[in-house]
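Engineer: Sharing a structure below in structure tokens format, with a few things to ask.
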Amino acid sequence: MSVMLAVVLWRSGLLLSFLTACVCLERDCVLGVVGRPVSLPCSLSPPPTPANVTIEWRRDEDVVLRSEWTQDGGQVDGWSVNGASIAAEAVLTGNMSLQLDTVQPSEDTEYYGLFMVSGENHTSLCSVCLRAAASFSLPLLQREEAEQGDETAFLCHSSGGFPEPSVYWLINNTEEPTGGSVSTLAASLPDSHLYNVTSHLKVNISKDANVSCVIENPTMNQTLTSTSYGVKAETVIGRASQAMWIFSTALCVVVGVMVIVGVAYQINLDRVSKRKKKEYHQYMSRRPKRRPSREEETQTMKPQSRETDV
């Protein structure tokens, strides 16, 4: 019995040690953002003796950089792939860090190692873990109101991230939906290997409930949330009353403006009419009077004959 207990404890301890080692490896990984350069640190102290030194940086079993150095620290030969490089004075300073021009999603959890090559012998000097990650876009959340008694449908979409994220839903920012159906699809794009994620939710909730879609990318320490806010009945009534008040106010303003314009137009007409009458009277008063003719004067001076009966 004691032997079996010892075996169980030994296996448990071994499993715990393995898990601890895995956690440490994950924690020691260098985070590289997809599409950006990254530096894989490696510092040797003391620096290697620069006497016909040949070094190699490898990704798993593939050589990504090889360089040969002379006794005075000068590089005599070397090559690399995908723009990998190290500092020109690396052997003299001991800074053997590997510079990568860009990080690809295919390099997620890749192990890079620095080796010193001497004939057939390869001496390991550094080992670095690289994890690739990319941020997701802010989730686009759409809400489709259902008829009375039916389930309300929600669609959440986010794109351009890496690795595959976790997606979950919240009702009123606290509780996960119960009794509803959730379907989530994360698709890796063939060219970029980035992920697009789409999640559907169907749930029977009231119209005033708030529904949130949450996208989590632990590698980037990123949590994105989009919320669809419900509409309360009081809010609807308040908005209708507000709209009616705005319409009434606008109508009163329009009528008032029309009245003011009409009065101003009538006043202007009266002024124009008075001015024309005044100008006419002034014109008539200034007009020269016509002098009577000679015949008219003679007739005026000639006495009128009176007829008498004898």
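Engineer: So which strands (runs of 3 or more DSSP E) stay within region 54-167 end to end and still have 3 or more residues that are over 30 Å from D208 (Cβ atoms)?
Structural biologist: 62-69, 75-80, 98-100, 110-118, 121-133, 152-161
Engineer: So in region 141-175, with the set limited to residues that are of a type in the set (D, E) and under 26 Å from the mean Cα position of the chain (by Cα), which one is modelled with the highest pLDDT?
Structural biologist: Going through the qualifying residues, I end up with E164.
Engineer: Of the residues that make up region 96-109, is at least one farther than 30 Å from I55 by Cβ, at pLDDT 90 or above and either hydroxyl-bearing (S, T, Y) or crowded, with 19+ Cβ neighbours inside 10 Å (or both)?
Structural biologist: No, every residue in region 96-109 fails to be farther than 30 Å from I55 by Cβ, at pLDDT 90 or above and either hydroxyl-bearing (S, T, Y) or crowded, with 19+ Cβ neighbours inside 10 Å (or both).
Engineer: In region 193-226, how many are in contact (Cβ under 8 Å) with a residue 24 or more places away in the chain, surrounded by fewer than 15 Cβ atoms within 10 Å (Cβ to Cβ) and polar (S, T, N, Q)?
Structural biologist: 4
Engineer: Restricting attention to region 42-74, report how many residues are modelled with pLDDT under 80 and surrounded by 15 or more Cβ atoms within 10 Å (Cβ to Cβ).
Structural biologist: Number of matching residues: 6.
The values are calculated or read from the model by the stated rules, or taken from the named source; none is laboratory data. This structure is a prediction, so every number in the text was calculated from the model and none was measured. Because the Cβ atoms are built from the backbone with ideal geometry, glycine has one as well, and the counts that use them run over all protein chains shown.
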